[in-house]
Each structure stands twice: as C-alpha cells, then as structure tokens.
Amino acid sequence: MKKQLGFLLVLIAANFFIFSSCNKGDNPPLPKTKTQLLTQATWKFQSASASGTDITNNPAIACIKDDVITFVSAGTGNINDGATVCSPTTSGNFTWSFQNNETSLTMSTTLIPGGSGNFTIGTLNETTLTISQNVLIPPLLTPIPVTAVYIH
C-alpha cells in the first residue's frame, strides 16, 4: 500500500511539474500587418534599378537619395528632402493606401522623377521596402520598369 501511495504521489508531482511548465507566454507573437511594417519607422533610399540596370548613382535621381519618408498608420505621411532637393520638390505631406490585397501602394505624390504615385510592392518586411513602377525617363519614348529599395 505504501508503494502504491508513493507511486501515486510521484505521478501527481510529475503531472504538476509538466503542466506548470507550460506557459501561455510561449506562443509566438502574431506577424505584423503590412500597415505596421510600413509605419514602424522612417524609410531611407538604398538603391534603384531601371530594367535591371543599377541606377543608384545616376544624377537624375540624386535628389531622392537623401530623402526621409515617414508613413503614418492613418493613411498620411511626409517626405523630408535632404540637402539635395528635387525640382519640383517631392517634400511635404501625402496620403497613401494599399490596393490589390496590399500588393500595391498608392501615394498622392511621386517618389521617382518621371514616375507616378502608384507602386507595386516587391518586398515589405521589418527592414526593407522594395517598390517598382514604370517610369518615363527622357529621352526614352516608352516607360521602363524602375525598382527602388528603401531601408530603415
């Protein structure tokens, strides 16, 4: 009888240890929404390409390389020109929204000279925003695909 009681106590103690070690806090956090990823910090230009060719150091986009872009979750934002200002300037407030199941970004301003405010999102994660659009770059007569990469 003492052996059975001892075994029962060990079994109860083991169950207590196993179940008390489970913690609801062990659940992984939910992934961030695209709005959270876009608005969590300011974005700075990293690189750009046109039709797959690196144009990061092209003088035509020198004025956007030092801009700081801030998106606010309410669908507004601000572009702060750095020392090199585009003409016309892209600096100031804007509105934004996601389109097409959050695969496109529409802004009330342009980011790329010769471009529009409509972008296809390639990457949007904790550190990188990659957007693309067709841009008319003179002296070309047809728009070409331009991709810009922004980082935190």
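At-a-glance table
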{"item": "Number of positions in region 68-91 that are open to solvent by less than 30 Å² (accessible area, probe 1.4 Å) and in a loop (DSSP other than H, G, I, E, B)", "result": "5"}
{"item": "Test result for THR130, touching a Phe, Trp or Tyr at 6+ places or on another chain (Cβ under 6 Å) and polar (S, T, N, Q)", "result": "no"}
{"item": "Extreme residue, farthest from TRP43 (Cα to Cα), among residues of region 133-152 that are touching a Phe, Trp or Tyr at 6+ places or on another chain (Cβ under 9 Å) and not in a loop (DSSP other than H, G, I, E, B)", "result": "GLN133"}
{"item": "LEU111 part of a loop (DSSP other than H, G, I, E, B) and open to solvent by less than 20 Å² (accessible area, probe 1.4 Å)", "result": "yes"}
{"item": "Filter result (open to solvent by 40 Å² or more (accessible area, probe 1.4 Å) and assigned to a strand (DSSP E or B)) within region 99-108", "result": "GLN99, THR106"}
{"item": "Some residue of region 36-48 being of a type in the set (S, T, N, Q), at pLDDT below 95 and open to solvent by 30 Å² or more (accessible area, probe 1.4 Å)", "result": "no"}
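For (1) open to solvent by less than 60 Å² (accessible area, probe 1.4 Å); (2) of a type in the set (D, E, K, R); (3) modelled with pLDDT under 95, each residue gets a yes or a no:
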site	(1), (2), (3)
ALA62	yes, no, yes
ASP66	yes, yes, yes
THR120	no, no, no
ASN134	no, no, no
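The values are calculated or read from the model by the stated rules, or taken from the named source; none is laboratory data. Nothing here was measured: the structure is a model prediction, and the numbers come from that model. Cβ atoms come from the backbone with ideal geometry, glycine included; neighbour counts cover every protein chain shown. Note: areas computed on protein heavy atoms with side chains; ligands, DNA, RNA excluded. Shrake-Rupley method; radii C 1.70, N 1.55, O 1.52, S 1.80 Å.
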